[in-house]
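Inspection log for the structure reproduced underneath, given as structure tokens.
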Amino acid sequence: MDYHLKPISKTCAATGASLEPGMKCHSVLVEQNGQLVRLDYAAENWSGPPEGTIGQWQSVVPQPEQNKTKPLDPEGLLRYFEQLHDDASPAMEKMLYIISLLLLQKRRLRIEGSRQDGETEILELVGSQGEGPFEVRDHHLNEEEIEQIQQELNTHLATEWSS
């Protein structure tokens, strides 16, 4: 059975006071109305676990996450891939390749085969819902190049999808 618990609360369950980053706190898991509920208490307001506690632990309120990236939407990413594929300039070929790898990972594209064009390998791809076919040049990028292009992609998508 999977349990999905909310992250640490912003307020103390006992007083409603704010739980600030760096503060020690006590957390408990209780059942309320057939649901598992997490309650968080500031250390100074902790008087022991409430009745019916299933589990308890201590932690420190974490710092807020900076620059948290949104999960990529496979459908939006596929639309962007199709746009790039139709207008594939040599400058955007590596970006197209990275996006195709992301879509393969998300199972939104699949490899139908590959072929050689001189010394270049061409990946033959189709969408999981019948889109395509698409041909993308395999660039055999190293990790540093992949990281740089992914950062460019994340920046572009954050700008594009936030407007």
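The values are calculated or read from the model by the stated rules, or taken from the named source; none is laboratory data. Quick caveat, the model's predicted, so the values are computed rather than measured. Cβ sites come from the backbone with ideal geometry, for glycine too, and all protein chains shown count toward neighbours.
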| remark: Checked Pro62, Pro49, Pro7 against criteria (exposed (fewer than 11 other Cβ atoms within 10 Å of the Cβ) and at pLDDT 90 or above); the one match is Pro62
| query | Do you know which residues across region 75-131 are of a type in the set (Gly, Ala, Ser) and within 22 Å of Leu153 (Cα to Cα)? | reply | Gly76, Ala88, Ser89, Ala91, Ser100, Gly127
| Looking at this structure, is Pro90 without any contact (Cβ under 8 Å) to a residue 60 or more places away in the chain and either closer than 30 Å to Ile8 by Cβ or assigned by TED's automatic domain parsing to the domain that holds Lys24 (or both)? | no
| query | Would it be correct to say that Arg115 is on the phi < 0 side of the Ramachandran plot, surrounded by 13 or more Cβ atoms within 10 Å (Cβ to Cβ) and of a type outside the set (A, V, I, L, M, F, W, C)? | reply | no
| request: Sort out which residues of region 1-50 are touching a His at 6+ places or on another chain (Cβ under 6 Å) and under 23 Å from Glu65 (Cβ atoms), and write them in order of number. | output: Tyr41
| remark: Expected output for region 30-58 (first residue within 19 Å of Pro7 (Cα to Cα) and in the same structural domain as Leu19 (by TED's automatic domain parsing), partner aromatic (Phe, Trp, Tyr) and modelled with pLDDT under 95, Cβ below 7 Å, 6+ apart or cross-chain) is Leu36/Tyr3
